[in-house]
Amino acid sequence: MPKTAFWKLPFAKQNHFIETSIEEFSNQSYENVSVKYISQQIGIAKGTLYKYFENKKDLYLFLVEYAITKKYQTIDRLLQQSSDDELSEVLLQIYTSTARFEVDFPVLSRFLYCVHREHPHHELGNLPQLLKKQACNHYRAILHDQQQKGNVRSDIPLEMLTFLVVQLGWGIRDYFLNNHPSAFIENENSKSKTGTSLREVAHIFASQLTLLVNEGIA
């Protein structure tokens with residue numbers, strides 16, 4: 001985590017530090033990222049970077065926590081605005097907010113995508129597995145409540161249900177990469193190939209995914 005000196009930086013410099021570092025980690029694996037290059041992009045000496053973070057691992061894990069927090073804030077903000085009486089509504093808000101995060105925060109999305117694709121590392125351990133467990137923990141209580149209300153079949157193990165919801169959510173970026181790659185290189189007002197705003201595309205996709213999960217394919 002950041003040292004005290006980092007938190008003493010002006011807010012604008014903190015943001016520049018974070019955004020520049022995330023951009024670098026979004027373009028290649030953890031192993032191949034150069035702390036020297038990050039320092040140059042920020043505009044500081046390599047030694048100065050260590051005034052703010054112990055090492056590359058310390059910086060990386062801070063950035064992961066920063067990006068994950070932003071993502072859950074986006075998701076929870078929408079969940080708080082909706083009624084939790086119906087599973088379909090809960091799923092719609094989970095997937096809508098997840099898809100919207102992909103569109104509204106393309107660099108953070110790309111960074112987390114790279115994190116999820118990291119192989120087990122001698123410094124980081126199996127970080128993707130840890131993040132998946134964290135995501136399951138985030139939604140387990142919500143889905144447990146739905147099961148208690150009778151909105152989810154009681155014979156479906158809660159762990160399986162949670163895993164399914166999380167796994168499908170993680171696949172949203174792959175869907176956008178395959179069908180709407182412009183979502184990651186243009187702003188939120190951009191249009192898809194059909195002229196539909198990417199936010200609208202996100203909502204349509206979330207609605208279709210919710211229908212699939214809620215009603216099945218048969």
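Structure notes:
- Ranking of T74, T4 by solvent-accessible surface, largest first: T4, T74 (1.4 Å probe, protein heavy atoms only, all chains present).
- The chain: calculated mean residue ellipticity at 222 nm from DSSP helix runs of at least 4, using -39500 (n - 2.57): -22000 deg cm²/dmol
- The string of couplings for region 23-30 from the Karplus curve (6.51, -1.76, 1.60, θ = phi - 60°) is 4, 5, 6, 7, 9, 7, 6, 4 Hz, one whole number per residue in order, with x for Gly and Pro.
- Proximity of backbone amide H atoms, modeled 1.01 Å from N, is registered between S197 and S192 at under 5 Å, excluding neighbours fewer than 5 places apart on the same chain.
- Taken over the alpha carbons of region 22-65 as equal point scatterers, the Debye sum produces base-10 log I(q)/I(0) values at 0.24 Å⁻¹ of -0.86.
- Length available on full extension from Y37 to N179: 0.36 nm per residue minus the Cα-Cα distance, which gives 47.8 nm.
- Q28-V107 pseudo-label distance in nm [points 7 Å out on the Cα-to-Cβ vector]: 1.8 nm
- The value of relative contact order for region 44-185, using C-alpha pairs under 8 Å at least six residues apart, is 24 percent.
- Long-range HN-HN contacts of N151 with modeled amide H, under 5 Å: none
- Taken one residue at a time, the phi angles of region 52-63 give Karplus couplings (6.51, -1.76, 1.60, θ = phi - 60°) of 9, 9, 5, 6, 5, 4, 4, 5, 4, 5, 5, 5 Hz. Gly and Pro are set to x.
- In the distance distribution for region 69-166, Cα-Cα pairs more than 17 Å apart total 56 percent.
- Cβ-Cβ FRET estimate between L211 and E159, R0 fixed at 30 Å, reported to 0.05: 0.80
- Mean projected area in nm² (Cα convex hull; one quarter of hull surface) for region 19-138: 8.1 nm²
- Expressed as a fraction of 2.2 N^0.38 Å, the value expected for a compact globular protein of N residues, the C-alpha radius of gyration of region 1-44 is 1.18.
- Computed on the Cα trace of the chain, the radius of gyration divided by the Kirkwood hydrodynamic radius gives Rg/Rh = 1.01.
- Counting every C-alpha pair in region 106-162, the share spaced more than 14 angstrom apart comes to 64%.
The values are calculated or read from the model by the stated rules, or taken from the named source; none is laboratory data. Nothing here was measured: the structure is a model prediction, and the numbers come from that model. Counting neighbours? That spans all protein chains shown, and the Cβs are built from the backbone with ideal geometry, glycine included. The accessibility values were calculated without ligands, DNA or RNA, using every heavy atom of the protein model including side chains. Shrake-Rupley method; radii C 1.70, N 1.55, O 1.52, S 1.80 Å.
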